Amino acid sequence: MLNRPLTLILGFFLILLLVWWQRPEPSTEVARTALIMGTLVEIKVVGTDVKNIERAISAAFAVMRDEEQRFSPEIETSQISAINKATGPVAVDAQVVEVLHLGLKVARESHGAFNMGLGGLVKLWNFQALHPQAPTEEQIRALIPVSPENQLEIKGMQVKRLDPRVQLDLGGIAKGYAVDRALEVLRAAGLVSASINAGGDIGLLGGHGERPWKIGIQHPRKAGELLATIELRERAIVTSGDYERFFMQDGVRYHHIFDPQTGMPARGCQSVTVIAATVGEADALATATFVLGPQAGLAFLEKYPDVEGLIVAADGHAVMTSGLKDRLKWR
Ligand code: AMP
Ligand code: MG
């Protein structure tokens, strides 16, 4: 039999051991970047199991690369290229069907401001060129896109172009969708605090540890400076801007978001930021709103109960949806 003081001492050490055993692991933040879909993608995760986090981040990047292979019209073997080349129906997978349906919904609701069939215009304007130049009016007129309801026939998993002039370009929606898919990978790995920023397409998992994520909104005319910040949890926030891909010619800014009616860069806005439940939806809505311009664009966004938006008009003045009024911190 142990004597009483010895039992007490042993008991004390046992409790100490248990407390040590049960102590929470310290939280760390892991951040990694990769170049995917022509943009720098940054993933940040807060958690305790660094090995699991690293593995999950690698898997998330892999999923985004996979989406690039699926959606890029510049990749010969992509499903979008297959649709663009075929005259008849093409078998596609569930992701392509999902994104096309979402894009066509936004196209309908924006009365054609969002248009995924303007691949011909994107090639003509060629913002990737070393010295891009504005095309002639005649060249542009020949490539004015077909209206969204006359572009595609989707039957189950088969997609057919209804018009040989339709060239799909999902640049206004695919990046956001890819971020959603990458977030799913992080969630499935048991992570609860993460952010993915793909060049202004941002998806958030939970908060930044205990606190909300503090997201900066880029100033459309001051590179590297913020216009405002906002605190968010578990949301998507996407910005479309005329400063992302553009060139100047004779003092005029030509940028990559086109008004499908004119084939010219849309002139109403400098930038549009949309907050929504998914990054894919926010991405498409931001592009659509940019084309609609500040007035019609604001009315368009107000129709979605779960969506907020900030629009910087061409003259630099900002308007926003009613639900955003007290939530932005101006810089
Ligand atoms: P974002 O940066 O998300 O606004 O998308 C711009 C990209 O979407 C462009 O580079 C084009 O690939 C494509 N795009 C341009 N104009 C439109 C439009 N009116 N509707 C849908 N996609 C567009
Ligand atoms: Mg977009």
Considering only residues that are more than 14 Å from the chain's Cα centre (by Cα) and either assigned by TED's automatic domain parsing to the domain that holds Asp93 or within 16 Å of ligand 1 (Cβ to nearest atom) (or both), look in the range 165-185 and name the one that is nearest to Leu204 (Cα to Cα).
Asp169
Exactly one of Lys44, Lys51 is closer than 30 Å to Arg233 by Cβ and in contact with a strand residue (DSSP E or B) (Cβ under 6 Å, 6 or more places away or on another chain), and that one is Lys44
Out of the range 14-52, which residues are over 30 Å from Leu170 (Cα atoms) and at pLDDT 85 or above?
Ser27, Thr28, Glu29, Val30, Val46, Gly47, Thr48, Asp49, Val50, Lys51, Asn52
Specify the residue that is nearest to the chain's Cα centre (by Cα); the eligible residues are those in the range 251-272 that are part of a strand (DSSP E or B) and within 11 Å of ligand 1 (Cβ to nearest atom).
Val272
Here are the criteria: (1) surrounded by 15 or more Cβ atoms within 10 Å (Cβ to Cβ); (2) within 16 Å of ligand 1 (Cβ to nearest atom). Tell me which single one Ile53 does not satisfy.
(2)
With the checklist (1) surrounded by fewer than 17 Cβ atoms within 10 Å (Cβ to Cβ); (2) more than 23 Å from Ala62 (Cα to Cα); (3) away from ligand 1 (no atom under 11 Å from the Cβ) in hand, flag the one item Gln128 doesn't pass.
(3)
Report, ordered by the first and then the second residue, all pairs with beta carbons closer than 9 Å, sequence separation of six or more or different chains, a first member in the range 240-253 that is at pLDDT below 95, and a second member that is away from ligand 1 (no atom under 15 Å from the Cβ).
none
What are the residues in the range 125-137 that are within 11 Å of His256 (Cα to Cα) and over 23 Å from the mean Cα position of the chain (by Cα), if any?
none
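Go through Gly190, Gly199, Gly176, Gly172 for me and flag whichever is surrounded by fewer than 24 Cβ atoms within 10 Å (Cβ to Cβ), touching a residue at least 24 places away in the same chain (Cβ under 8 Å) and either within 11 Å of ligand 2 (Cβ to nearest atom) or closer than 26 Å to Pro260 by Cα (or both).
Sole residue among the options that is surrounded by fewer than 24 Cβ atoms within 10 Å (Cβ to Cβ), touching a residue at least 24 places away in the same chain (Cβ under 8 Å) and either within 11 Å of ligand 2 (Cβ to nearest atom) or closer than 26 Å to Pro260 by Cα (or both): Gly199.
The values are calculated or read from the model by the stated rules, or taken from the named source; none is laboratory data. Since the structure is predicted, the reported quantities are computational estimates derived from the model, not experimental observations. Positions of Cβ are generated from backbone atoms using ideal geometry, with glycine treated the same way; all protein chains shown enter the neighbour counts.
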